[in-house]
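Report on one structure; see the data block that follows.
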Amino acid sequence: MFGSRGKRLYDRAMRLTLRTDYALRVLIHVCVKEGARSTIGEIVAHFDISKGHIMKVVHRLGQKGYLETTRGKNGGIRLARKPAEINIGAVVRDMEEELEVVGCLHEGRGYCRIEDGCVLRATLRDATGAFLATLDRYALEDLVRPQRTLARLLQIDGDDPA
């Protein structure tokens, strides 16, 4: 049904990457710490995620201006902006390399035999836009509203496992 290129694009369709998932978890963790520095070790321990993955995500979040990172003995990470200023839709856009739901949105002209009479492309572009528009309505502060519960679940009440 798909050529090899089409199958690869289809396999990736409509799924956020782990990088985005981890980025949102890192931001939630750091936000719940309320200004205290977090460490990569804490985040790895709390979420049971690979240190290599978290290091890459933290680096990217720092590059994009979401996190302030400090190296060294007293180093760590904390938010570079207020939680109300960190838009979830923007984080997703900054972390994802591709947001196209199907290959024709990414590949353009000549991708599909029926493209000249197809309304699927516009429909899926609208759906992707609606998905992002929904995320745009939320800030990091919205994701941490049950702050005490999150702090307890992440063991951030002075009982850090790291």
> Size of segment 26-101 along its principal axes in angstrom, Cα-based, largest extent first?
Replying inline: 42, 27, 19
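Return Met55, Met95 ranked ascending by Cβ neighbour count within 10 Å, so the fewest neighbours appear first.
Sorted ascending by nearby Cβ count, the order is Met55, Met95.
Please compute the length gained on full extension between Lys82 and Arg145, using 0.36 nm multiplied by the number of residues separating them and subtracting their Cα-Cα distance.
21.3 nm
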>> Need one number for segment 4-153: average projected area of the convex hull over its C-alpha atoms, nm².
In response: 10.4
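Readers should treat all values here as calculations from the given coordinates under stated rules, not as data from a laboratory. The structure presented is a predicted model; accordingly, all values stated were derived computationally and were not measured. Note: ideal-geometry Cβ built from the backbone for every residue, glycine included; neighbour counts use all protein chains shown.
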